[in-house]
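**Student:** Mind having a look at this structure? Questions to follow.
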Amino acid sequence: MDEPRSIVIVGGGLAAVHAVESLRDQEYAGRLTLVCREPHAPYERPPLSKGYLAGKDDRDAAFPHDAGWYRDNDVTLRLGEAATDLRLDERVVVLDSGESLGYDRLLVATGASPRTLQIPGIEKALTLRTIDDSERLKAAMAEGKRLAVIGGGWIGLEVAATAHQAGMEVVVLEAGGRPLGHLLGPVVADHVAAIHAKNGVEIRTGVQVEEVVDGGVRTADGMVAADLVLLAVGATPTSGLAEAAGLDVDGGIVVDERLQTSDPHVFAAGDVANAHNTALGQRLRVEHWDNAIRQGKLAGRTMLGLEGGYDWQPYFFTDQFDFSMEYVGRNAPDDEAVLRGDVDGGEYVAWWLRDGVVTAGMNVNIWDVNDRIRELVGTKVDPADLTDLR
């Protein structure tokens, strides 16, 4: 392909902004337009359930760049505008205003949207995806006394910890047998749940939520009182634009290891991309901060025809009470879990193995060992040789 004269990026998260950075780092001098449905420039999402929600982080800290940076790098920001139609044959993106933007390359980085429940009153529950959502939740937390969180995943538990530390009573309503059980397996998931219980968060499992009402949540087992309800049952890729255009979509926009879609002029990155990972030999859709950054950088290279591929292990981190961790890899719930270190004291490394191969590793309150964990993930080891790496 010839070097593109015009690149359009649709999306306002970290994948989008890091694609912009990458393109300019490669000295791409063509026209560069970023279309974002939100009225804000691209920002980071981890603070929304942690420091920013808690009032510890300044709002500006969530934004990698101010408006001046985009001007200095000759990036046209189309904020508060939505892409409503993608015409592949014409290489045109249509905005909600009716205006058409032509492109030689297009990056779809539209992220994901909060999953909902088809139950009465669900519109009464708050969700957390955007910085505006975080501000609404923060304001509601300041007025409320008791929070019910529907869902025991990462976002639900992070908000539960933040809200409890802000003085709220918190109850987590989890449909499964344990929070995070489908992600971490029973051993480590039970340890995380125990940390919340020790700090005063009530966790109820096997809960069937039937209705959100004024004053709380109605479940199959009765009423759960709350003056604030957060729905946190996961997210779905925002892939409607791509699907309507005829791109391959299967649990996200299907892309190869270079993040190229079924149309050679269109790429996808971040939460919306179901990408072929060469390190694991399978397609993955990953909703984490590190992946959005790295895929954005990769897309900036591959849209210009440069070398690069999706060849890294997934990574994420969380902070909940005194549980701070980094995780690398991709384990299955039934993988063997091996814990090394002081588990009761909250300083340990968790390893997951399948047929003797390390599928993932997680360091809990032990730092400067993540690089070594990355080296071991994907290798075959004797469990007796695994340590906490200190």
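**Student:** If a residue counts only when it is more than 20 Å from the chain's Cα centre (by Cα) and more than 25 Å from residue 371 (Cβ to Cβ), which strands (runs of 3 or more DSSP E) contained entirely in the range 248-350 have at least 1 such residues? Give the derivation first.
**Tutor:** On the way: elements: 253-255, 266-268, 273-277, 282-284, 315-320, 323-329, 336-342.
In the range 248-350, 266-268 are the strands (runs of 3 or more DSSP E) which contain 1 or more residues that are more than 20 Å from the chain's Cα centre (by Cα) and more than 25 Å from residue 371 (Cβ to Cβ).
**Student:** Counting only residues that are farther than 20 Å from residue 62 by Cβ and in contact with a Leu (Cβ under 9 Å, 6 or more places away or on another chain), how many does the range 283-322 have?
**Tutor:** The qualifying residues number 12.
**Student:** In the range 128-158, what residues are out of contact with any helix residue (DSSP H, G or I) (no Cβ under 9 Å at 6 or more places or on another chain) and either modelled with pLDDT under 95 or surrounded by fewer than 21 Cβ atoms within 10 Å (Cβ to Cβ) (or both)?
**Tutor:** 132, 136, 139, 140, 142, 143, 145, 146
**Student:** Quick check on this structure: which one of 320, 282 is in contact (Cβ under 8 Å) with a residue 12 or more places away in the chain and farther than 20 Å from residue 42 by Cβ? Break it down into steps so the answer makes sense when it comes.
**Tutor:** Details: 282 fails: in contact (Cβ under 8 Å) with a residue 12 or more places away in the chain.
Exactly one of 320, 282 is in contact (Cβ under 8 Å) with a residue 12 or more places away in the chain and farther than 20 Å from residue 42 by Cβ, namely 320.
**Student:** Would you mind listing the strands (runs of 3 or more DSSP E) fully within the range 3-91 where at least 3 residues are of a type in the set (A, V, I, L, M, F, W, C), open to solvent by less than 10 Å² (accessible area, probe 1.4 Å) and under 26 Å from residue 135 (Cα atoms)? So that I can check it myself, show each step before the final result.
**Tutor:** On the way: elements: 6-10, 31-36, 75-79, 83-87.
Those strands (runs of 3 or more DSSP E) span 31-36.
**Student:** Pairs please, first residue from the range 360-375 and in contact (Cβ under 8 Å) with a residue 60 or more places away in the chain, second anywhere and of a type in the set (Phe, Trp, Tyr), Cβ atoms under 7 Å, 6+ apart in sequence or on different chains.
**Tutor:** Once the first residue is in contact (Cβ under 8 Å) with a residue 60 or more places away in the chain and sits in the range 360-375, its partners that are of a type in the set (Phe, Trp, Tyr) give 362/327.
**Student:** Which one of these does residue 97 not meet: (1) open to solvent by less than 60 Å² (accessible area, probe 1.4 Å); (2) in contact (Cβ under 8 Å) with a residue 12 or more places away in the chain?
**Tutor:** All conditions are met except number (1).
**Student:** Would you pick out the residues in the range 97-117 that are closer than 22 Å to residue 23 by Cα and assigned to a loop (DSSP other than H, G, I, E, B)?
**Tutor:** Looking only at the range 97-117, we keep the residues that are closer than 22 Å to residue 23 by Cα, and these are 101-111.
Result: 103, 104, 109, 110, 111.
Rundown of residues vs (1) assigned to a helix (DSSP H, G or I); (2) surrounded by fewer than 20 Cβ atoms within 10 Å (Cβ to Cβ), yes/no style:
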site	(1), (2)
160	yes, no
167	no, yes
170	no, no
173	no, no
176	no, yes
183	yes, yes
186	yes, yes
190	yes, yes
200	no, yes
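The values are calculated or read from the model by the stated rules, or taken from the named source; none is laboratory data. What you see is a predicted model, and the numbers here were worked out from it, not measured in a lab. Please note: Cβ atoms are built from the backbone with ideal geometry, for glycine as well, and neighbour counts cover all protein chains shown. Areas reflect the complete protein model, heavy atoms only, side chains present, ligands, DNA and RNA absent. Shrake-Rupley method; radii C 1.70, N 1.55, O 1.52, S 1.80 Å.
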